[in-house]
Amino acid sequence: MWTFIAKRLLSGLVLVAVISTLAFLLLYVGSGDIARHILGQSATAQGVAQKRAQLGLDRPVLAQYLTWVEHAVRGDLGQSWFTGQQVTQGILDRLDVTLSLVVGATILSAIVSVVPGVAAATRGGWIDRTVQVVTMLGFAIPGYLIALALAIELAINLGWFKPTGYVNPGTSIAGWLGTVTLPILALSAGGVAGVTQQVRGSVVDAMRRDYVRTLRSRGLPEQRVVFEHILRNAGGPALAVLAVQFVGMFGAAVIVEQIFAIPGLGQISVAATQQGDIPMVMGLVVVTAIIVVLVNLAIDLFQGWLNPKVRLS
Amino acid sequence: MTTLLNCRDVVVEYPGKGFRKPPFRALKGVSLDIRPGETVGLVGESGSGKTTLGRAVLGLAPVTGGSIEFEGRDIAHLARRARRALASKIQVVFQDPYTSLNPSLTIERILTEPLTVRNVGSAEARKRVKDLLDQVRLPTDAGTRLPREFSGGQRQRIAIARALALDPVLIVCDEPVSALDLSTQARVLDLFREIQDRTGVAYLFISHDLTVVRHLSHRVAVMYQGEIVEWGDGDQVTAHPQHPYTKRLFLAAPVPDPVRQAERRAARKAFAKSDAGAAVAG
Amino acid sequence: MNTATIPEAEISTAPAEAGAQLSLFRRLLRNPVAVVSMAWLALLILTSIFSPLLAPHDPNLASLQDVLANPSAAHPLGADSAGRDVLSRLLFAGRYSIAGALLTVVVSLVIGVVSGLVAGYFGGWFDTIASWTSGLLMALPGIVALLAARAVIGPSMWWAMAIFGVLISPAFFRLVYASVAAVRDELYVDAARVAGLSDTRIIARHILTVVRAPVIIQAAMVAGIAIAIQAGLEFLGLGDTTKPTWGEMLNDGFANIYSSPMLMLWPSLVIGVTSIALTLLGNAMRDVLERSGSASRSNSKTPMPTVSAEPVVTHGDADRSAEELLSVEHLTVLYDPPGGRQVIVVKDVALNVRRGEVHGLIGESGSGKTQTAWAIMRLLPEGARTTGTITFEGQDLSTVSPRQMQRVRGRKIAYVPQEPMSNLDASFTIGHQLVEPMRLCLGISRQEARRRALDLLARVGIPNPELTFRAYPHEVSGGMAQRVLIAGAISCDPDLLIADEPTTALDVTVQAEVLELLRDLQKELNMGMILVTHNFGVVADLCDTVSVMRLGRIVETGPVMDIFANPTHEYTRSLFDAILDEETSRGPLENDTTDEGVPA
């Protein structure tokens, strides 16, 4: 078990290293004359050269990269070129907001998907057809359209929720719920659809397995066969989809945060992108990769617990 | 030329799964020869390496030691292109008639597949398909249909026709009748024999069933854990086995006769208690 | 939220038909959902192509007096915050959305399909690298990666869509890879290799045909995602503002949501309906393919019984003293799929088993012997219908409630399946799978059940019961797994054991031992037993009576000794004739067939 965790951690580490290296090369080498870009076309050549030296951009790429790595492993992702803010601090200040949305939506997806998925697979008939149509729509309609619809209907027209802004849960739990409910609903629509479809599919698949007949032949009640054996075997593929959905939601949060004016990573991502604030973009990429790796690790461990074969491979 | 195929100390190793795992030795030095027109039966249980030996002869398994000589030339380590040239000499019939035919191709396209490699014209190819179908006793209009429209036995006939398309001198038959029903099995075995009598093709006939092998083989080799433990004339090996493992195999197969099976059961129990039986117990 | 999610690779199990594309399209025309989706997409494409002719205004023509104008004759859908005509912008924007989606699809398709084919077919180092890269691409949310790219390359829609194509290429890679890996080891690919086909020929002939249809389906899905993500980026204000696009219109509408809510409606509607149409089309294609696949499978497996009613040849019953345990009368099993034709698999079967008697049910594949066994336990797959009576210890099992039937299973009638491995749940230890039913059926404590399970494992000849108890199914051999299943079947002292080809999947030497075990247990527990098999040797070894099945009917039944000595029905005789006898062997090759005539 420990070697399993160590292996996964190591491969995750390699993944983060490769992503950050690639991102560094693309961002720093691909951006052209960064100092000129920061200062604008009117700046003097001397000013540009000065800026370049100040940012360390006159050094060879490898040296720049090594410096970046050296700082990064100590948790220092550099300084924003435009606001002068520490990137690590800037991201950490907003990470909790985005994570609360995405993790909330992931948990909601996991919980909400099981019952309709199992019901569709075991009951069939109109339940199955309804679940299939609804999940397909949830999958097909872009999440931001759902977010816009929710914002207009429930927040602006009906006034049930605050249309914009964010209240820290430390300040007021009710206020926090009022601001995050709609974004979480919007984010989880696609997740619920995807995971429900997978739960339905893998339960249908598991029910056809030979061992199900054998378990029934031993006199086990139907509920026990479904909820203990079938669901456990169907859990693996559903979790894999949940992991993919998490990555998708993390990206979708950028747009959803924009719609609900929530001060999360989305806002600084869009701002940094528009300005060409390379250290900030770089930091965002690395932090995102780390989070995805950690979530995948957690899901892998859960998979290993569900299915003993995974542990050994 | 008295030998067609000569396997000498053939070793097949598959790389170990995972880092620093030792390779898996499927064949541990196997020697065997086949003469033109002869059927050599290869008997063994799962994991004995019998299928691996067949695949090594076909060039589908990595030979890491020893040699396989075909018509006097080593074919174990040929390059892909040179190996393809052997297609007209060595052919195959696999076990499962349901997966050995591509379900989306018509019978005609399946049978012309080997011919396309030889650049046979389409008119001639069609004629050849009719001829092949006739040889395996299938209606000549079967060419336009898909494999799923045929029963297991008919599919195996199609697979045999495909193997015959290039007039090979050796056919590797890997459990060709074990997926078939009893009555179908007997008819397909008869077909194998009839084809051999007519064309003089040699068979390497792989099976787990001693009875099937006895029925068809001139000589029989018994494999156990990657090695040949007994090798000789078919009537000798199958009726008077010498090696304890062959004896065990012989006694384990139930006879379709309640009286004789009761006798065999007793013999099996007695043998299992003996030293020789204990030495090869699973 | 689907916008940056890569759809799960799905392999259609349906065999690709010859000329799949053409017939797929024809079959789609019969599916109303697909027709509506395709009609919308066709409309979209046509209006986009002819937008210069259809649009009433220049899409970029700003007009101060028309700012946020309501719908009018001049502006059928109103005007936006710069006074530009909404309808014209909507029409022209279609061009960019479709072209952008197409770019993404082409880039991802080329990268994904080519690398998937190469990695899946050849394996090796390329496989390792490609699979790892695919995992890497999937680890970053698409939007985050696009934002990073946007920071470097600026607001170029084409670059963004091309990069997104790279990012989403794992959708094709994984699909193709999985299909190829599944096909690569198929015997027909081996046969093609032996036939001398080159790798390129094998890929073109056997592998492309398999991946073609799923790739088309995936392309529809990816196109939908591309359109959504493109609009999403533009909505964030990261797009090229000089071009009219749906996302940019959405952004403008969102900015003016309080003053002009209708502005948002039109782009939302077009984006939403297009995404839905592409997804529905993909789903419809999958449905069409799967339906044709399953239909063909059922055709090949279940032959229609065509025998007319004929009297069963019955030999005298040898032993009438023992108590009758099971009596089956007029059992018929049929499948009646909606929209398919009715298939009768068991017809008017009668069967009697006494306590302590082993009754063999022999027949070739498709004879209905397994269906009969399942019908007795009421474990037939969904969609089966049965008629007739199944009297067990005086009770008609065909009429009892599912709850009562559940109490009969395990306690009274137990079952040993054919395939040992697939009949154990891989997620639970062997011990758990033995203990669980015992606790339920016998109402005993966990410790008591555990003790009994260990005794049972020892009884069925497992060398180290403690170790096997803790093991998972994949950690034991097939022969051991079958012993475990036998232990499970007898764990609640059943009166009747139904064994469905219990030794078919085993090696001959293991088969002999398992048969021995079954015989001993049957004697010890004085069980009645139904032994389903296709092997006359097994019948001769174990059975007291035997029934021969053919095409869903029993043709001959009686004591084993009588039937073996005197098979009467024509079919039974033909089966006995087909048995290869043990006496005649072929002997050595005659010398004259070798060229030189040298004796071996």
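Every number here is computed from the coordinates shown, using simple stated rules; none is lab data. As the structure is a computational prediction, the values presented were derived from the model and not from experiment. Cβ coordinates were reconstructed from backbone atoms using ideal geometry, including for glycine residues, and neighbour counts include every protein chain displayed.
For the protein assembly as shown, what log10 I(q)/I(0) values come out of the Debye formula at q = 0.10 1/Å, with one point per alpha carbon and no solvent? Taken in order of the listed q values, log10 I(q)/I(0) reads -1.37.
By the Cβ-Cβ criterion of under 4.7 Å, the unpaired cysteines of chain C are C:Cys543. Semi-axes of the equivalent ellipsoid for chain C, computed as √(5λ) from the eigenvalues of its C-alpha gyration tensor and ordered from largest down, come to 65, 29, 26 Å. Other protein chain C-beta atoms within 10 Å of residue C-beta, averaged over B:142-154: 2. Between amide H atoms placed 1.01 Å from N, distances below 5 Å from C:Leu77 occur with C:Ser72, C:Val86, C:Leu87, all of them 5 or more places distant or on a separate chain.
On a C-alpha basis, how far is the centre of segment A:157-233 from the centre of segment B:103-125 in Å? Whole number, if you could? Rounded to whole Å, the Cα centres lie 53 Å apart.
At an R0 of 41 angstrom, the distance between the Cβ atoms of C:Ile257 and A:Thr171 translates into a FRET efficiency of 0.90.
Looking at the protein assembly as shown alone, DSSP beta bridges between its own residues are antiparallel in about 55 percent of cases.
Considering only C-alpha atoms, what is the centroid distance from segment C:352-424 to segment C:50-123, in Å? Taking the Cα centre of each part, segment C:352-424 and segment C:50-123 sit 62 Å apart. In order along segment C:173-184, the phi-based Karplus estimate (6.51 cos²θ - 1.76 cosθ + 1.60, θ = phi - 60°) of 3J(HN,Hα) comes to 4, 5, 4, 5, 4, 5, 5, 5, 4, 5, 7, 3 Hz; Gly and Pro are listed as x. Put simply, the amide H of C:Val313, placed in the peptide plane, has neighbours under 5 Å in C:Glu556, C:Thr557, leaving out anything fewer than 5 places away on its chain. Considering only chain C, what is the antiparallel percent among its DSSP beta bridges, to the nearest 5? Here the share of antiparallel DSSP bridges comes out near 55 percent.
All other residues whose Cβ lies under 12 angstrom from that of A:Ala120 are scored, Lys and Arg at +1 and Asp and Glu at -1, for a net of +2.
3J(HN,Hα) along segment C:491-502: 5, 10, 6, x, 8, 10, 10, 9, 10, 9, 6, x Hz, from the Karplus curve 6.51 cos²θ - 1.76 cosθ + 1.60 with θ = phi - 60°, whole Hz, x for Gly and Pro. Distance between the pseudo-spin-label points of A:Ala298 and C:His330 (7 Å out from Cα toward the beta carbon): 6.2 nm. Electrostatic bookkeeping for C:Thr241 treats Lys and Arg as +1 and Asp and Glu as -1; over the other residues with beta carbon under 14 Å from its beta carbon, the sum is -1.
The alpha-carbon of C:Lys243 sits under 17 angstrom from the alpha-carbons of these aspartates and glutamates, leaving out residues fewer than 8 places away in its chain: C:Asp58, C:Asp80, C:Asp85, C:Glu234, C:Asp252. Counting only Cα atoms, segment C:171-260 measures 72, 22, 16 Å along its principal axes, largest extent leading.
Each residue, C:Ala350 and A:Gln223, gets one label point 7 Å from its Cα in the Cβ direction; the gap between the two is 4.3 nm. Extending 7 Å from Cα along the Cβ direction at C:Leu68 and again at C:Ala42 yields two label points whose distance is 4.1 nm. For the pair segment A:245-261 and segment A:72-150, the centres of their Cα atoms are 7 angstrom apart. Database remark: amide H of C:Lys347 closer than 5 angstrom to the amide H of C:Val333, C:Arg553 (H placed geometrically; neighbours at sequence offset of 5 or more, or on other chains; Pro and chain starts carry no H). Of the peptides B:261-271, A:246-256, the ranking by mean beta-carbon count within 10 Å, highest at the top, reads A:246-256, B:261-271.
For a modelled paramagnetic label at B:Ala262, 7 Å from Cα along Cα-to-Cβ, the residues of segment C:552-582 in reach, with backbone nitrogen under 11 Å, are C:561. Among the listed pairs C:Lys412/C:Lys523; B:Lys269/C:Lys369; B:Lys247/C:Lys523; B:Lys50/B:Lys269; B:Lys28/B:Lys50, those whose Cα-Cα separation exceeds 19 Å are B:Lys269/C:Lys369; B:Lys247/C:Lys523; B:Lys50/B:Lys269.
For the peptide A:14-22, the mean number of other protein chain Cβ atoms found within 10 angstrom of a residue's Cβ is 2. Provide the net charge surrounding C:Glu556, with neighbours chosen by a C-beta distance below 12 Å and charges set as Lys +1, Arg +1, Asp -1, Glu -1. Net charge around C:Glu556: 0. Sequence-ordered 3J(HN,Hα) estimates for segment C:255-261 from the Karplus curve with 6.51, -1.76 and 1.60 and θ = phi - 60° stand at 5, 10, 5, 7, 8, 9, x Hz, glycine and proline given as x.
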